[in-house]
1. If packing is taken as the mean number of other Cβ atoms within 10 Å per residue, what is the order of 67-78, 137-148, highest first?
2. Arranged by the count of other C-beta atoms within 10 angstrom, fewest first, what order do ASP133, ASP87 take?
3. Could you give the nm distance between label points at GLN37 and THR146, where each point is 7 Å from its Cα heading toward the beta carbon?
4. Taking the Cα centre of the chain as origin, sum charge times position over the Cβ atoms of Lys and Arg (+1) and Asp and Glu (-1), and report the length of that vector in debye to the nearest 20.
5. So what's the back-of-envelope 222 nm ellipticity for the chain, counting only DSSP H runs of four-plus at -39500 (n - 2.57) apiece and dividing by all residues, rounded to 500?
6. Give, to the nearest whole percent, the P(r) tail of segment 63-149 beyond 15 angstrom, counting all Cα pairs.
7. Please turn the phi angles of segment 4-16 into ³J(HN,Hα) values with the Karplus equation 6.51 cos²θ - 1.76 cosθ + 1.60 (θ = phi - 60°), one per residue in order, whole Hz, x for glycine and proline.
8. State, to one decimal in nm, how far the label point of SER138 lies from the label point of HIS25, with both points 7 Å from Cα in the Cβ direction.
Amino acid sequence: MNIESCLVDSNILLRITRRQDPQHHIADKAVALLAGQGTILCYTHQNIAEIWNVMTRPLAKNGLGLTVNEAEREVRAIELKLEFLPDNELVYREWRRILSAYSVSGIQVYDARLVATMAVYGIRHILTFDVSDFSCYSAIMVLHPTAVS
């Protein structure tokens, strides 16, 4: 599988930072294989916001209960290894187009924003555990970590 660039979804980023997560090995192996094949792995500010939220949210509220310093250390590791795709007006305009074109509503607006970022930066692949969340977007290829080999 020859993939030039790939957006790494938040659920993958979270699992590669948590060695005790049951899906850590699967996510980590997929990321390592893609990187080893020369794929440029990317993230957005939205990814970081999503994982920061989960990392610093209390355990009692379905979070990881990390301190801000612990979350900072994990995010810095991501920033060092992956390429950042900055938000801009083009991403906003594409996101707005996608919202209308696909009748996006509710929580799916966040996934649509990732798809908009991918469109603006010419990225056709996303690595995610949530394949069904992106399956309606015909312009992208959705990769489950177990499909990467």
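1. 137-148, 67-78
2. By the 10 Å Cβ count, ascending: ASP87, ASP133.
3. Result for the modelled spin labels: 1.8 nm.
4. Result for the chain is approximately 140 debye, rounded to the nearest 20.
5. About -16000 deg cm²/dmol.
6. It works out to 66 percent of all Cα pairs.
7. Per-residue couplings from phi come out as 5, 8, 8, 7, 9, 5, 4, 5, 6, 4, 4, 6, 6 Hz.
8. Modelled inter-label distance: 4.0 nm.
Every read-out reported here was derived from the displayed coordinates using simple, explicitly stated rules and does not represent laboratory data. Only a predicted model underlies this, so the values are computations on that prediction, with no experimental measurement involved. Using ideal geometry, Cβ is built from the backbone for each residue, glycine included, and neighbour counts are taken over all protein chains shown.
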